[in-house]
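Reading through the structure tokens given below for one structure.
What follows is calculated from the coordinates using simple rules that are stated; it is not laboratory data. From a predicted model like this one, the values you see are computed outputs, not experimental measurements. Ideal geometry is used to build each Cβ from the backbone, glycine not excepted, and the neighbour counts take in all protein chains shown.
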Amino acid sequence: MIRSTLANNILNKVRDLLDEDLIIVDTDGVIMASTEAERIGNFHEGASITCQHKSTLTITKADEKKLQGVKAGINLPIFFNDQIVGVIGITGDPAKVSAYGELLRQMTELIVKENYYVEQAEWQARSLEIFVFDWINQTTWSPSFIQQADILLVNLSCDRQVIMGRYQRKENEWLPYKSWSDLISQFFQHTQDVIVRWGNERFLILSAGNKNTAQIKQKLTDIQAYFYKIYKQEIVFGVGQSLAAHQLYQSFHQAERALGITNPAQPIIFEETMQLEMCLQDVTQASRIELVRRTLEPIIADQTLLDCLQTFIDHGQSLKQTAASLHIHINTLHYRFKKMEQLTGLNPRDFHDLITLSIALYFLEDYLKFTHKNA
């Protein structure tokens, strides 16, 4: 049976094609949607007869006096899988509206069919999400869990590598699940790969097979480029290690941890390459904010000094390469380091001080978010 939301959706799609008024009626003869709002909820005897006989019914002016809730026009049955699911009615001169009534019925049936497959795809996606959630949170597999895997055609015997992606959603803009999942599926086409939503801005790829790091990185890089081309949005990835299926939870937490340290300079992080970051992630937010306050706070407003410090770190503490990258004279670089030392009390050319400044830079985003939130 057609639901009221679908009935209204059908009317919205076809009403611009006709000047006449339209109604959608359920199999009990109750008007669910109408271009005349006052008719919604009323009983329509003509539609009830149409459902009983499963055939088109022409309603004349004379019938208006004999049948409850009707107006002159035609009522056409809507079929799906050989079952009547509702009735679409066109108000007007039967001789005139009958000419395009069959076309309208066929269009309506196509919309019903399309909606069914969209709902099935959504149900499949939701079922898969719930299954993956259980998979990550179970240490042992129950018979019902294994049965669910069979129903969803998920292979529990192959190794899995969890890849967690996150896109930067624009305000009040949501990406349709099917659109981006189809896009990603173009790159992960292994029959055993699983792709699910994970919240509003994240998704998981449970990659099957023994792909090496270079292959995975190339796929993710291609997805990033294509994603930006289609949606104009950045996307970052955290990648766990490939582990046995019953250890999926470990790969999931690895991917989540790697995703947490992605940044514009490193939009793809493999957990296996993380070193110092593993320790830094366990530092509390209060400690992160306090470290930045004690070190970088005096120069946070000076983007030139921050860029100078980051470039120095990125170029392996080479004064020559840092100056060349910033397009400044090396004496200017020395001047900036001196100014930085005066303001922070830390000398970026001192190994111990540079480590402190580097860690503070790592926590700078947390500090900025905290101060903005509490401003």
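As a calculated quantity, the FRET efficiency between Asn155 and Lys13 at R0 = 35 Å, using C-beta atoms, amounts to about 0.30.
Between Thr284 and Ala121, the simple label model (points 7 Å from Cα in the Cβ direction) yields a spacing of 4.8 nm.
Give me the one-decimal nm value for the distance between modelled label points at Asn374 and His53, 7 Å along each residue's Cα-to-Cβ direction. Between Asn374 and His53, the simple spin-label model gives 7.6 nm.
Volume per residue of the convex hull around the Cα atoms, evaluated for region 96-138, comes out as 30 Å³. The angle separating the long axis of helix 364-373 from the principal Cα axis of greatest extent in the chain is about 50 degrees. Remark: the Ala301-Asp366 segment gains 21.8 nm on full extension, using 0.36 nm per residue and subtracting the alpha carbon distance. Per-residue Karplus couplings for region 139-153, computed as 6.51 cos²θ - 1.76 cosθ + 1.60 with θ equal to phi - 60°, are listed in order as 8, 10, 9, 7, x, 5, 5, 5, 5, 5, 4, 5, 4, 8, 6 Hz, Gly and Pro entered as x. Put simply, the amide H of Ser318, placed in the peptide plane, has no neighbours under 5 Å, leaving out anything fewer than 5 places away on its chain.
For region 80-94, backbone phi angles converted through the Karplus equation (6.51, -1.76, 1.60; θ = phi - 60°) give residue-by-residue couplings of 9, 6, 6, 10, 6, 10, x, 9, 10, x, 10, 8, x, 5, x Hz, Gly and Pro being listed as x. Could you list which residues have their amide H under 5 Å from that of Ile2, counting only those 5 or more apart in sequence or on another chain, with H placed in the peptide plane? Distant-sequence amide H within range of Ile2: Thr27. Each label was represented as a point 7 Å from its Cα along the Cα-to-Cβ direction; for Ala265 and Ala225 these points are 2.4 nm apart.
Put simply, the amide H of Phe80, placed in the peptide plane, has neighbours under 5 Å in Val85, leaving out anything fewer than 5 places away on its chain.
Cross-linked pairs Lys71/Lys96; Lys65/Lys113; Lys229/Lys320; Lys13/Lys232: Cα-Cα separations exceed 26 Å for Lys65/Lys113; Lys229/Lys320; Lys13/Lys232. With all pairs of different C-alpha atoms in the average, the Kirkwood value for the hydrodynamic radius of region 223-359 is 17.4 Å.
Pairs of Cα atoms under 8 Å, at least six residues apart: use those to get the relative contact order of the chain, whole percent. That works out to 9 percent. For region 213-284, list log₁₀ I(q)/I(0) at each q in 0.15, 0.16, 0.18, 0.23 Å⁻¹, using the Debye formula over Cα point scatterers of equal strength and ignoring solvent, two decimals each. Treating every Cα as an identical point scatterer, log10 I(q)/I(0) equals -0.54, -0.61, -0.74, -1.05. By how many degrees, 0 to 90 and rounded to 10, does the Cα axis of helix 330-344 deviate from the longest principal axis of the chain? That helix lies at roughly 80 degrees to the long axis. Largest GNM mean-square fluctuation across Asp82, Asp26, Asp159, computed for the chain with C-alpha springs under 10 Å, falls on Asp82. Distance from the alpha carbon centroid of region 321-352 to that of region 219-272 works out to 34 angstrom. Against the set [x] -0.41, -0.87, -1.27; [y] -0.33, -0.74, -1.30; [z] -0.56, -0.90, -1.19, the structure's computed log10 I(q)/I(0) by the Debye sum over Cα atoms at q = 0.07, 0.11, 0.15 Å⁻¹ falls on [z]. In order along region 2-7, the Karplus-derived 3J(HN,Hα) couplings, from 6.51 cos²θ - 1.76 cosθ + 1.60 at θ = phi - 60°, round to 6, 7, 4, 5, 5, 4 Hz, and Gly and Pro are given as x.
In the chain, a dipole from Cβ-located charges (positive for Lys and Arg, negative for Asp and Glu) runs towards its positive end, and of His327, Ile359, Gln224 it is His327 whose Cα lies farthest in that direction. Seen from a random direction on average, the alpha-carbon convex hull of region 301-375 projects onto 5.1 square nanometres.
Compute the helix-to-body angle for 303-314: its Cα long axis versus the longest principal axis of the chain, expressed 0 to 90° and rounded to tens. Once rounded, one gets 80 degrees.
Pairwise Cα distances in region 1-109 exceed 21 Å for 23 percent of all pairs. Note on Asn331 and Phe79: the extension gain reaches 82.6 nm, defined as 0.36 nm multiplied by sequence separation minus the Cα-Cα distance.
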